[in-house]
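Working notes, beginning with the structure itself.
The values are calculated or read from the model by the stated rules, or taken from the named source; none is laboratory data. As the structure is a computational prediction, the values presented were derived from the model and not from experiment. As a convention, Cβ positions derive from the backbone with ideal geometry for all residues, glycine included, and neighbour counts pool all protein chains shown.
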Amino acid sequence: MKTPKAIRATLLMTGAALTLGLAAPMAVAQDKPKDHADGPAAAYEPSMTTLGQIQVEIPGRKPGDPVMTPSEFQKATTIYFERCAGCHGVLRKGATGKALTPDVTRENGFEYLRDFITYGSPAGMPNWGTSGEMTEEEIDMMARYVLLEPPAPPEFGMPEMKASWKVHVAPEDRPAEKMNDWDIDNLFSVTLRDAGQIALIDGASYEIKKVIDTGYAVHISRISASGRYLFVIGRDAKINMIDLWMESPDTVAEIKIGSEARSVETSKMEGWEDKYAIGGSYWPPQYVIMDGDTLEPLRIKSTRGMIFDEETYHPEPRVAAILSSHYNPEFIVNIKETGKIHLVDYSDINSLKITEVDAERFLHDGGLDSTKRYFLTAANARNKVVVMDTKEGDVEAVIDTDGLTPHPGRGANINHPTYGPVWVTSHLGDDTVAVIGTDPEGNPDHAWKMVQQLYAMGGGSLFVKTHPESDNLYVDAPLNPDAEISGSVAVFKVADLAQEEPEFTVLPIVEWAGIAEGQPRVVQGEFNKEGNEIWFSVWNAKDLESAIVVVDDKTLELKTVIKDERLVTPTGKFNVYNTRADVY
Ligand code: DHE
């Protein structure tokens, strides 16, 4: 274990290296504003991996169009969807990046575009050419590509969903009781990202009970309220529904809900447990409510519409996090580009009532406070956290976190020695950790305010974690450019938060994993059911060894390392009990 002082020294050096790194390629880089996105935040822009595979044709040619062969156009479309669409939008109408429709690009012309792609810009455009990420030929091709009309990827409505929908085991053919001796509440569903699989790992013996094929570049797992069904969504928008009661748990139903997706959830309100599932997609921009037993698609809602404050039309507002309310029969759906939260009342599915709440643009991930009443969610490109009251259905506050790009995962709820119940998020863009008061009744002066700012190892953090039984707060930094930092985890003692500048302990997780090859990153802590062990993924390249490192929460010592050739690119881990009960 390293001392906080040693890591602080490394940190300062990293900060200096980063500044130098940004300044080196071009003189103009010195003018870059503080929120320039060349750092870890830029590395985290969405890649439309499945859309990149679709076959497209050059839209109707107009006089003056640059020359492009169909194969060049296809290649450019793939590059665009995989590298550019995350910021500029699938339809090139702009998201966090500027619009790139022909009316704009033709105004600027080919040479300007070529240079812009080559050198980047202080406002956040990466320097694709000087960084070596694109060849001169590719840049030439991309500059011609954005002068042409963008191709529109296919829509995905009820006929397409129904065609993809398969019930492998009908509800009446499934077991009436649990048929295995697994402790399913303490099972972990582990994302094996690049294998397109999940591993089910026993929380006590660390045994890999089963590996199940799922969607491509699988993203998250969520569990039905009863704990019986596990839902897994891939980036290709495929949802697998796995029955954990079967003798050998397996997929009982599957569906594709679009071409690109990231979120899935199930109904948790008392009386509605396991009744419905919901999936949200990036493309097409929509969400679908499905039957909770079979995944039959029931209702589809497009998210296209007006941006909440400008009242201008956005053609592709992506669906980010979806949570299930514990106070109302509602799904809470983050609509990224329009900055709205949809409260989807599923009590009468034939007459779906949707309340659109104005929040803030670029909503991403988030979680509930310890009472499960308030949903705290990052509007990441706006450096804000929105607090939504899921009982009353309105926004309580929009808090500036005074850091760059908050990224909480579901956040961490701790009982602060000075401020009482608080919720915590780290940031992608810097080392700050924002601590927000969440107790309007017991601590009204501190509620919905950033009551403290902590400094962890460095930028590139994606997830914080704790557990009601734990006295610790864990902060990862998988996207930090420094291997020592991205391979470690910072731990704050909750009791130490009473101090003005609490120090943290660093756990050298990659070192503990004993992996020599590659530059694995440590990502997303997840507690076991009891709350006395925390698991971290040691996420290496697909063809190299990865691992899961289990840490004893009381002693902060290594408990065990799970290694197995089937553990290919482990990232997210979802403990069945903690996920279904929203314990974090
Ligand atoms: Fe995620 C959650 C989107 C990249 C691991 N990720 C989420 C959620 C969204 C999202 C909208 C919230 C889902 C919810 O709660 O319903 N993630 C995106 C992206 O758009 C992005 C930036 C780029 C992309 O092209 O996908 C992206 N995510 C990643 C990764 O690179 C990570 C680190 C590794 C991986 O497996 O791909 C990653 N995302 C995760 C994890 C969660 C997640 C582990 C769930 C955290 C939790 O505790 O609930």
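Observations
- Within segment 148-174, the residues that satisfy the criterion of being more than 20 Å from residue 316 (Cβ to Cβ) and part of a loop (DSSP other than H, G, I, E, B) are 165, 168, 169, 170, 174.
- Residue in segment 196-212 that is part of a loop (DSSP other than H, G, I, E, B), basic (Lys, Arg) and more than 18 Å from the chain's Cα centre (by Cα) present: no
- Output for segment 509-533, where each listed residue is more than 12 Å from the ligand (Cβ to nearest atom) and either among the hydrophobic types (A, V, I, L, M, F, W, C) or in contact with a helix residue (DSSP H, G or I) (Cβ under 8 Å, 6 or more places away or on another chain) (or both): 509, 510, 512, 513, 515, 516, 519, 520, 528, 529, 530
- Any hit, segment 534-557, residues being within 16 Å of the ligand (Cβ to nearest atom), in contact (Cβ under 8 Å) with a residue 40 or more places away in the chain and acidic (Asp, Glu): no
- Condition check for residue 255: at pLDDT 95 or above, under 28 Å from residue 371 (Cα atoms), more than 13 Å from the ligand (Cβ to nearest atom) and touching a Leu at 6+ places or on another chain (Cβ under 6 Å): no
- Restricting segment 469-486 to residues that are more than 15 Å from the ligand (Cβ to nearest atom) and small (Gly, Ala, Ser), the residue that is modelled with the lowest pLDDT: 483
- Single match in 401, 466 (criterion: away from the ligand (no atom under 16 Å from the Cβ) and not aromatic (Phe, Trp, Tyr)): 401
- Across segment 236-263, the number of residues qualifying as crowded, with 24+ Cβ neighbours inside 10 Å and closer than 17 Å to residue 46 by Cβ comes to 6.
- Residue within segment 198-212 that is of a type in the set (S, T, N, Q) and within 14 Å of the ligand (Cβ to nearest atom) present: no
- Test: residue in segment 230-248 that is free of Cβ contacts under 8 Å to residues at least 40 places away in the same chain and part of a loop (DSSP other than H, G, I, E, B): no
- Some residue of segment 274-288 being away from the ligand (no atom under 15 Å from the Cβ), in a loop (DSSP other than H, G, I, E, B), surrounded by 24 or more Cβ atoms within 10 Å (Cβ to Cβ) and over 22 Å from the mean Cα position of the chain (by Cα): no
- Tally of residues being over 22 Å from the mean Cα position of the chain (by Cα) and over 24 Å from residue 328 (Cα atoms) across segment 215-253: 11
- Inspection of segment 167-190 finds no residue satisfying the criterion of being within 23 Å of residue 283 (Cα to Cα) and either of a type in the set (Phe, Trp, Tyr) or in contact (Cβ under 8 Å) with a residue 12 or more places away in the chain (or both).
- Unique residue being acidic (Asp, Glu), out of contact with any Leu (no Cβ under 8 Å at 6 or more places or on another chain) and within 16 Å of residue 320 (Cα to Cα) when the list is 236, 194: 236
- Test: residue in segment 63-78 that is of a type in the set (S, T, N, Q), exposed (fewer than 14 other Cβ atoms within 10 Å of the Cβ), assigned to a loop (DSSP other than H, G, I, E, B) and away from the ligand (no atom under 16 Å from the Cβ): yes
- Scanning segment 327-344 for residues that are more than 20 Å from residue 225 (Cβ to Cβ) and within 10 Å of the ligand (Cβ to nearest atom) turns up 334, 336.
- The combined condition, being closer than 30 Å to residue 327 by Cβ and surrounded by 17 or more Cβ atoms within 10 Å (Cβ to Cβ), is not fulfilled by residue 513.
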